[in-house]
Amino acid sequence: MSKERENGIIHEIDRILCSTSTAAELAEAFLNNQPTAGTQPGDREEIREQLSDFDVIRENPELLAGIGDAYFHFSAHILYEGGFFSNSQIHDRLLSMDQIDSRINESITAYELMNNVPLAVNPKSALAARDNLAYLSQEPFCLGSSQLTELQMLCLNDPEAITDVMQVMGQRPFFRAAHSDDRPYLQAFAKVLYVLVQRALPATRGGDGVVGSETRTLVAGILSAFYQEYLSFPSEDYLIDLVNRSI
């Protein structure tokens, strides 16, 4: 790997670790830039088939194309943050705060034992125990959901980047905040879908009397059609709540 390329990867890792993206920011970036996925006719047909139950979408080619672009833009990120795909090397480095505390205690004990029996200990083992304690005692880095996803995407797009990612994660403990429903890319996609549908179709008042409720139900249905097979969506109510939180 050239020095220039390695510097580019390190710069990208630094960028990822220096900021975390919210669902609103991810959605806004897509809507402002309107990136196209370069989809082929076969891709369009795949999207059409997945959304075949929604006549109002199939009959609107512009809306269908917009949903297709958003789907291909967000899907890999959504599947990584949802755990359907994962980079095992990165995940193996992640610890909970309880695990960090436990390993620090174990490391202190091991280091003290080695210092008490210096003649029986291999110097390399003593040095390794000291280095491990120093590593665990560093201030831990809390890795946000979007950051974890972006690190995995970086390694997906450039497999050689994993060496530098492992080096950075080896400098101090990394942990993931305990939040089982932290899915900014999925929420960003839901928000984008809501905006696309609102632009293409007139807002209607649903059966519950709330303007836009039919749109929200439609967006929830689209999410289910795309990802029910891959991600854990407990119920339709969960999806509606996800959409409401996303917009």
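The values are calculated or read from the model by the stated rules, or taken from the named source; none is laboratory data. The structure presented is a predicted model; accordingly, all values stated were derived computationally and were not measured. Note that each Cβ is placed from the backbone with ideal geometry, even for glycine, and that neighbours are counted across all protein chains shown. What goes into the accessible areas is simple: the full protein's heavy atoms, side chains included, and nothing from ligands, DNA or RNA. Shrake-Rupley method; radii C 1.70, N 1.55, O 1.52, S 1.80 Å.
With a 1.4 Å probe and all protein chains left in place, how much accessible area per residue does the chain have, in Å²?
It amounts to 55 Å² per residue over the chain.
Which residues make up the longest stretch of the chain clear of GluC sites (Glu not before Pro) that lie in a DSSP loop with no more than 16 other Cβ atoms within 10 Å, not counting the sites? Write out the running numbers ahead of the final one.
Working: sites that count: GLU59, GLU160, GLU229.
With a cap of 16 other Cβ atoms within 10 Å, the longest stretch comes to 60-159.
What the phi angles of the range 133-140 give under the Karplus curve with 6.51, -1.76 and 1.60, with θ = phi - 60°, is a coupling list of 5, 5, 5, 5, 7, 5, 4, x Hz, glycine and proline written as x. Could you check the spin-label model distance between ARG44 and SER224? Points 7 Å from the Cα along Cα→Cβ, value in nm. Label at ARG44, label at SER224, 2.8 nm between them.
In this structure, the amide hydrogen of ARG176, modeled 1.01 Å from its nitrogen in the peptide plane, lies closer than 5 angstrom to those of LEU95, LEU143, counting only residues at least 5 positions away or on a different chain. Available extension along the chain between GLU106 and TYR135 is 9.1 nm, counting 0.36 nm per residue and deducting the alpha carbon span.
Within the chain, what whole-number % of the accessible surface is contributed by carbon and sulfur, with the 1.4 Å probe and all protein chains included in the calculation? Don't jump to the answer; show the numbers that get you there.
Numbers: 6720 of 13580 Å².
C and S fraction of accessible area: 49 percent.
Each Lys or Arg adds one and each Asp or Glu subtracts one; over the other residues with Cβ under 9 Å from the Cβ of ILE9, this totals -4. Shape of the range 3-113 from the C-alpha gyration tensor: prolate (a/c of 1.5 or more and a/b above b/c, with a ≥ b ≥ c the square roots of its eigenvalues).
Sorting THR217, THR163 by accessible area puts them as THR163, THR217; the probe is 1.4 Å, largest comes first, and only protein heavy atoms count. From its DSSP helices (H runs of at least four residues, each -39,500 (n - 2.57)), the chain gives a residue-normalised ellipticity at 222 nm of -21500 deg cm²/dmol. Computed from these coordinates, which is percent of Cα pairs over 22 Å apart: [x] 56; [y] 63; [z] 66? Of the labelled values, this structure produces [y]. Here each label is just a point 7 Å from Cα along the line to Cβ, and for ASP237 and LEU31 those points are 2.9 nm apart.
Calculated FRET efficiency, ASP92 to LYS124, Cβ-Cβ distance, R0 = 30 Å: about 0.80 to the nearest 0.05. Counting only alpha carbon atoms, the long axis of helix 3-18 and the longest principal axis of the chain meet at about 80°. Placing dummy labels 7 Å off each Cα toward the beta-carbon, the span from ARG58 to ARG172 is 5.5 nm.
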